[in-house]
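Trainee: Please read through the structure below; I'll follow up with questions.
Each reported figure results from applying straightforward, stated rules to the coordinates on display, with no laboratory input. Remember, predicted model here, so these are calculated numbers, not experimental data. FYI the Cβ positions are ideal-geometry reconstructions off the backbone, even for glycines, and counts take in every protein chain you see.
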């Protein structure tokens, strides 16, 4: 299995004195200090340090001391230490592949540091959150978090953290299969770590660049970097990275050298068992199963692969599931079990489709390109500003010298006039700069929307046309294939509609509630074509006629109302749907109610649609409330400030 995707470089730099020391020695020293019964402040700090250093030694111990550190920090009211403990726990959970708890801990630390206006701390958390998003395959969020952190560290000249961030970006590009870019970002990080003897960094940097060369089929370079990674990981007790390097090195062995591959896999399994990582053990089983298949031990390989399916499903590891399904197909074929062959072949196809739909490589590449462009423009503006300031200073000094020499008695009045003139000049420049910025933003919006319409829109239309041509040109007797083609066509048509909605929002600087109603009524009319008996009602408070919404806010409201109506039609079987907007002081209330069958909130499993609706409203600073009961319909209330 391509296990190289699972190491995220999420640890920010340790103090320089700690890099060369063994983690267990430091832990023993901290426990000795703890036995001396220090004061409450010192005790809390020791608990926090134990959480950090146990991350590479024992995950259970790290979580235990993290819990105690939180308790002590809260008792002391030390928000700085509490933020650090949450950050350390986020790292511990991430090493244990518990992504949800890792994200939760990092966000708690982020909230505390934001209240303290700790810009450096926020940048570090962004770097760590990026690693969580990376493992969750949320690549746009990961790229955004990494670039925000990198922008801060570059602005303050923090070379150490710049190296860490570039290493993270290198790992992201490995996941995106852009191996040349991955190597471009990883090499300067490795040079910095080698120069400063940062063993813990080299452990992971070497592993990730080895993975890039592995995918480029450069076996010599890949194995050389894996060997370096293994040595450095062993020095800093990073057992998880060491185990993965051993596993990947085993995969690089010649096909006829099964014994050497198995020896490396056995050593990787031994280390993974020590760090209690069920996911990594399941992932390693894929590599071992490949080895068993080479030796034609298909029954043993099947047992290993089946044992990992539940683990991969619980961790939402679609790539691992897809590879497991793919390997099970030839195994069952060899074992002469055709029904199982068909079943796992279908599971493989379904999983592969999901992965393709989630592909965001192009989006993240565009984000990175925008960041590089913005950086160059910022440097150019700074140079121009400095030149203007120098000219103004020279002009002011020259005028001042002439006025003093010629008209001494007008100094006071001239000084007042000059001050007034400078103030007006500043206001004028500010106004011009604001106008230029708005013009640039509008031009960028128009360019992006034009590209979306002309390029992506045309490509999607071509896909629909191609699918229809296939259906009409060939007599397709396979019902599954015909249904699949129809699904692709319908999905593409839906994507075109959503693309048009996005372009509509991007082209508008400000949206009114009338604009929103017009768009919604158009959507509702299309919905009526499917269910003519539906009674729709959309009411807008007259006080909201003059209220303008930003394009982002308007788009989020539109998507939320659209999803609510879809749910009412698709699941609730409603015959009446109403949307009522009201102005309440400085806030706006939007209520979406239907008379459908409703559901029990306590027992129902809420889907991604409701979660996405809540996230959209919270992203614009609003409050999302859901009320439902069996037989009493469903009511959704949105409250936000304008």
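Trainee: Peptides 311-318, 322-329: what's the order by average Cβ count within 10 Å, highest mean first? Write out the running numbers ahead of the final one.
Mentor: Values: 311-318: 17.2, 322-329: 21.2.
Packing order, densest peptide first, comes out as 322-329, 311-318.
Trainee: Ranked from highest to lowest mean number of other Cβ atoms within 10 Å per residue, what is the order of the peptides 542-554, 211-223, 170-182, 619-631?
Mentor: Numbers: 542-554: 15.6, 211-223: 17.8, 170-182: 21.3, 619-631: 13.9.
Per-residue Cβ counts within 10 Å, averaged per peptide and sorted highest first, yield 170-182, 211-223, 542-554, 619-631.
Trainee: Sequence gap at least 6, Cα distance under 8 Å: using those rules, report the relative contact order of segment 21-132 to the nearest whole percent.
Mentor: Details: 132 pairs, mean separation 21.9, N = 112.
Once normalised by length, the contact order is 20 percent.
Trainee: Within 10 Å of each residue's Cβ, count the other Cβ atoms and sort 584, 463 from fewest upward. Numbers along the way, then the final one.
Mentor: Details: 584 10, 463 17.
Arranged by neighbour count, lowest to highest, 584, 463 become 584, 463.
Trainee: Give the separation of the Cα centroids, segment 158-175 to segment 102-126, in Å.
Mentor: If you average the Cα positions of each part, the centres end up 19 Å apart.
Trainee: Does segment 253-358 come out rounded, prolate or oblate by the C-alpha gyration tensor, with a ≥ b ≥ c the root eigenvalues, rounded set by a/c under 1.5 and, if not, prolate when a/b is larger than b/c and oblate if not?
Mentor: On the way: a/c = 2.01, a/b = 1.21, b/c = 1.66.
Oblate, because a/c is 1.5 or more while a/b does not exceed b/c.
Trainee: Which FRET efficiency, nearest 0.05, do residue 484 and residue 417 yield, Cβ-Cβ r, R0 56 Å?
Mentor: On the way: r = 78 Å, r/R0 = 1.39.
The pair residue 484/residue 417 has a calculated efficiency of 0.10.
Trainee: Let me ask something else about it. Based on the alpha-carbon gyration tensor of segment 128-241 and its eigenvalue square roots a ≥ b ≥ c, which shape applies: rounded if a/c is under 1.5, prolate if not and a/b is larger than b/c, or oblate? Before the final figure, lay out the partial values.
Mentor: On the way: a/c = 1.65, a/b = 1.23, b/c = 1.34.
Verdict is oblate for segment 128-241.
Trainee: Where does each of 78-88, 337-347 land if you order them by average Cβ count within 10 Å, highest first?
Mentor: Highest mean packing first, the order is 78-88, 337-347.
Trainee: Can you give the relative contact order of segment 277-358 as a percent, counting alpha carbon pairs under 8 Å and 6+ residues apart?
Mentor: Values: 75 pairs, mean separation 21.1, N = 82.
Taking the mean separation of contacting Cα pairs over the length of segment 277-358, I get 26 percent.
Trainee: What number, in percent, do you get for the relative contact order of segment 510-641 if the mean sequence gap of Cα pairs under 8 Å and at least 6 apart is divided by its residue count? Mind showing how you got there, number by number?
Mentor: Values: 214 pairs, mean separation 31.3, N = 132.
Rounded, it is 24 percent for segment 510-641.
Trainee: Let me know the shape class of segment 21-132, please: from the alpha-carbon gyration tensor, a ≥ b ≥ c as square roots of the eigenvalues, rounded when a/c is under 1.5, otherwise prolate if a/b is greater than b/c, or oblate. Please list the in-between numbers first.
Mentor: Working: a/c = 2.03, a/b = 1.28, b/c = 1.59.
Oblate, because a/c is 1.5 or more while a/b does not exceed b/c.
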